[in-house]
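What follows is a set of notes on a single structure, which appears directly below.
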Amino acid sequence: MFAGIAKDLTKLGGKTVTKLVTPEDQSTKLFQLVSFITGMKNSAKGIGYFLGAALLNVSYELALGTMMGLVLLAMPWAIFGLENDLGTAKKNNSSLSQIFKLENHNLNVLCWARLLLFASRDFWFEVPLPFYLRSPPCLGLGDVCASKDDCDSGAICDAVCINPNIGGGCGGPGLDRLLVGAFLGAYIILYGQVQSWTPQLVTGPLQQSPPNKLTLVLWNGLNCLPTLLMVGVLSTPSFDTLDGYDTTTMIVWLIIILVFFAILFAINSSIHSFLVVQYAKTEKVAVSVGFYYMSNAAGRLLGTLGSGILYTYVGESAGEYAGIESTMGFLACFVAGTISSFLATVVTTRIEDQQKGLKCGGCWTLVKEEDKEEIEAI
């Protein structure tokens with residue numbers, strides 16, 4: 001709990017400082033800075049997944065000790081590298097009622113959209129994906145064996161082939177813990193790098209910088225596609241786990257979906273991170289960003305709890321040695337993720353920030369920019 005609080009306070013400080021040191025008329029510069037800082041943070045987190053998976057194979061204590069050492073290495077930069085008066089309140093501190101009552105329509109709507117956006121990922125990524133990758137194929141569990149070599153990957157031999165984690169179900173490829181850590185780490189590193197360079201590689205060339213409400217609606221809508229595609233893949237008869245299937249094909253599909261989703265989710269997250277500091281008033285930037293991160297955490301909680309329920313209780317039993325057939329639960333998690341992405345898109349349409357229009361490059365205008373006279377009249 002304390003680690004989570006410390007992490008979010010650090011993220012809050014990073015975005016608040018960026019807003020305070022960037023002139024208000026330099027929105028594009030602010031977008032680039034927020035995207036770069038947030039993306040590099042996520043890439044570092046991805047490296048942590050790799051390192052953590054490797055160290056856990058040695059010992060849990062070594063993994064914790066290494067993490068503590070890295071945190072201590074960062075402390076001098078914060079203590080001696082920042083000005084003492086940076087971010088201090090120029091007036092009275094905000095009361096608790098002021099924190100939970102933000103009179104900022106766009107920021108309130110953005111917080112709801114953020115909640116649903118992160119739920120769309122965590123409905124299938126944080127819990128179901130690693131459990132599914134670690135789970136052994138259902139076919140063969142319960143068969144008589146003489147050694148582990150007689151069982152499929154991920155299963156153990158105890159007179160018969162057994163799923164070592166009944167609660168995690170069966171039906172996956174049975175990958176080693178280190179490979180699962182590599183899956184998660186590679187996703188987060190890719191996600192972080194795309195997020196860092198979104199202004200230069202995506203929204204800039206498409207003439208969508210600085211982004212507005214219409215930009216977010218477009219990319220939020222596209223975020224539905226990867227999970228919807230995976231729903232179609234898992235629904236095909238060729239992936240009937242009780243009859244057996246080609247695990248290599250499944251891994252290839254998961255890699256495609258992970259890359260596809262990482263790119264779209266990173267672009268969305270980059271735009272979200274910019275808009276929250278853009279919409280936040282300078283005198284209440286810490287409160288605004290903090291409330292936004294509370295929505296972020298609520299979305300992750302919704303996705304994590306929902307995914308646990310869906311992954312555990314959707315699907316039929318594959319026998320006492322196998323547990324629940326997990327592919328149907330995994331499919332249900334992707335359905336929930338798709339619905340959550342769609343709802344985030346619908347909520348985003350309530351933001352009032354469309355005056356600049358929407359382009360897709362120099363020759364394709366989706367929504368025309370409003371006349372300056374009309375904007376001033378509004």
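The values are calculated or read from the model by the stated rules, or taken from the named source; none is laboratory data. Because the structure is predicted, anything quoted here is derived from the model rather than measured. Ideal geometry is used to build each Cβ from the backbone, glycine not excepted, and the neighbour counts take in all protein chains shown. For the accessible areas, the whole protein counts, side chains as well, though only heavy atoms, and no ligand, DNA or RNA atoms are used. Shrake-Rupley method; radii C 1.70, N 1.55, O 1.52, S 1.80 Å.
Please state which one of Q193, Q200 is surrounded by fewer than 18 Cβ atoms within 10 Å (Cβ to Cβ), closer than 25 Å to S43 by Cβ and among the polar types (S, T, N, Q).
On inspection, the qualifying residue turns out to be Q200.
Checking the structure you have, find out if any residue of region 57-69 is of a type in the set (F, W, Y) and crowded, with 19+ Cβ neighbours inside 10 Å.
No: zero hits.
Among the residues of region 112-154, which ones are of a type in the set (G, A, S) and touching a Phe, Trp or Tyr at 6+ places or on another chain (Cβ under 9 Å)?
S120, G142 - these are the residues of region 112-154 that are of a type in the set (G, A, S) and touching a Phe, Trp or Tyr at 6+ places or on another chain (Cβ under 9 Å).
Say we look at region 219-233 and pick out the residues that are in contact (Cβ under 8 Å) with a residue 40 or more places away in the chain and surrounded by fewer than 22 Cβ atoms within 10 Å (Cβ to Cβ); which of these is nearest to S326 (Cα to Cα)?
V231
Identify all residues within region 143-182 that are part of a loop (DSSP other than H, G, I, E, B), within 25 Å of A332 (Cβ to Cβ) and open to solvent by less than 40 Å² (accessible area, probe 1.4 Å); write none if there are none.
Residues satisfying the conditions are G154, A155, N163, G169, G171, G172, P173, G174, L175.
Based on what the data block shows, is V285 among the β-branched types (V, I, T), open to solvent by 50 Å² or more (accessible area, probe 1.4 Å) and over 18 Å from the mean Cα position of the chain (by Cα)? Don't jump to the end; show me each part of the working.
On the way: among the β-branched types (V, I, T): yes; open to solvent by 50 Å² or more (accessible area, probe 1.4 Å): no; over 18 Å from the mean Cα position of the chain (by Cα): yes.
Here the answer is no, as V285 does not meet what is asked.
Would you confirm whether any residue within region 299-320 is among the charged types (D, E, K, R) and closer than 16 Å to N220 by Cβ?
No, region 299-320 contains no residue that is among the charged types (D, E, K, R) and closer than 16 Å to N220 by Cβ.
Looking at (1) farther than 30 Å from P130 by Cβ; (2) of a type in the set (S, T, Y); (3) at pLDDT 80 or above, can you tell me which one S95 breaks?
Unmet for S95, out of (1) farther than 30 Å from P130 by Cβ; (2) of a type in the set (S, T, Y); (3) at pLDDT 80 or above: (3).
Criterion first (modelled with pLDDT under 95, of a type in the set (F, W, Y), touching a Phe, Trp or Tyr at 6+ places or on another chain (Cβ under 6 Å) and within 19 Å of D122 (Cβ to Cβ)) does F330 satisfy it? Walk me through it before giving the result.
On the way: modelled with pLDDT under 95: yes; of a type in the set (F, W, Y): yes; touching a Phe, Trp or Tyr at 6+ places or on another chain (Cβ under 6 Å): yes; within 19 Å of D122 (Cβ to Cβ): yes.
Against the criterion (modelled with pLDDT under 95, of a type in the set (F, W, Y), touching a Phe, Trp or Tyr at 6+ places or on another chain (Cβ under 6 Å) and within 19 Å of D122 (Cβ to Cβ)), F330 qualifies.
Identify, from the list A298, A336, A332, the residue that is open to solvent by less than 50 Å² (accessible area, probe 1.4 Å) and free of Cβ contacts under 8 Å to residues at least 60 places away in the same chain. Talk me through it step by step, then tell me what you get.
Working: A298 fails: free of Cβ contacts under 8 Å to residues at least 60 places away in the same chain; A336 fails: free of Cβ contacts under 8 Å to residues at least 60 places away in the same chain.
Answer to the selection: A332.
Taking the conditions exactly as written (modelled with pLDDT of 90 or more and either under 20 Å from the mean Cα position of the chain (by Cα) or more than 30 Å from G171 (Cα to Cα) (or both)), does V252 satisfy them or not?
So V252 fails the test.
Quick one: would you say V259 is surrounded by fewer than 17 Cβ atoms within 10 Å (Cβ to Cβ) and among the β-branched types (V, I, T)?
Criteria met by V259.
Scanning region 305-327 for residues that are open to solvent by less than 50 Å² (accessible area, probe 1.4 Å) and either at pLDDT 95 or above or assigned to a helix (DSSP H, G or I) (or both), which turns out farthest from G168 (Cα to Cα)?
G306
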